[in-house]
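See structure below.
The values are calculated or read from the model by the stated rules, or taken from the named source; none is laboratory data. Just so it is clear, the structure is predicted and the values come from calculations on it, not from any experiment. Ideal geometry is used to build each Cβ from the backbone, glycine not excepted, and the neighbour counts take in all protein chains shown. For accessibility, only protein heavy atoms count, side chains too; no ligands or nucleic acids. Shrake-Rupley method; radii C 1.70, N 1.55, O 1.52, S 1.80 Å.
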Amino acid sequence: SDACLARAGGQDWRGLAIEKRLVGRLDLANKEIRKAKAHSRYLTELCELLQMPWHTKHEDIAMLLKEVSSPSTVNSLYNATEIQYEYMAYDDTYQFSRKCIKALSSIGDENAIEKLKMLSNSRIPEISEYARKELRYKGLL
């Protein structure tokens, strides 16, 4: 209702509840990963969340996946790189994409390097340059 939206600062209360749960799950995943305990059980969920438009934690997830540096996250990071979520429309420097590219570079296996090479040919100049920078840093360009 309009009263609920007014109390929630103009946001849908259900969306706020989902966002709060997401933040809790990210905090838990972050703590577990930092303790090096069973992080793989969170990777699938984090990779799925990376592609979902209904929250605003994409950059946090990308940074967390960089810390993990798991080859199982390469395709999700690559697929997310050129997504421009509505709430990021102001960002013409593609910082979310940059974080995904940094995570791919951190993984550094054959698949991740192939994805970086593909991104170096992106139609988006900023993304192309971020990928090229990582490839140059690795001595591959």
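For region 45-90, what is the relative contact order in percent, using Cα pairs closer than 8 Å and at least 6 residues apart in sequence?
Averaging sequence separation for qualifying contacts and normalising by length gives 48 percent for region 45-90.
Skip the ligands, DNA and RNA, and give the accessible area per residue of region 34-141 with a 1.4 Å probe, whole Å².
54 Å²
Leaving ligands, DNA and RNA out of it, report the carbon-plus-sulfur percent of the accessible area of region 74-141 at a 1.4 Å probe.
Summing carbon and sulfur atoms, their accessible area is 46 percent of the total for region 74-141.
For the full complex of protein chains and a 1.4 angstrom probe, list Glu59, Glu134, Glu67 by accessible area with the highest value first.
Glu67, Glu59, Glu134
Karplus couplings for region 123-129 from phi (6.51 cos²θ - 1.76 cosθ + 1.60, θ = phi - 60°), rounded to Hz, Gly and Pro as x?
So the J values, rounded to whole Hz, are 6, 9, x, 5, 5, 4, 5.
Between Glu86 and Glu45, how high is the FRET efficiency from 1/(1 + (r/R0)^6) when r is the Cβ-Cβ distance and R₀ = 22 Å? Nearest 0.05.
With a Förster radius of 22 Å, E is 0.50.
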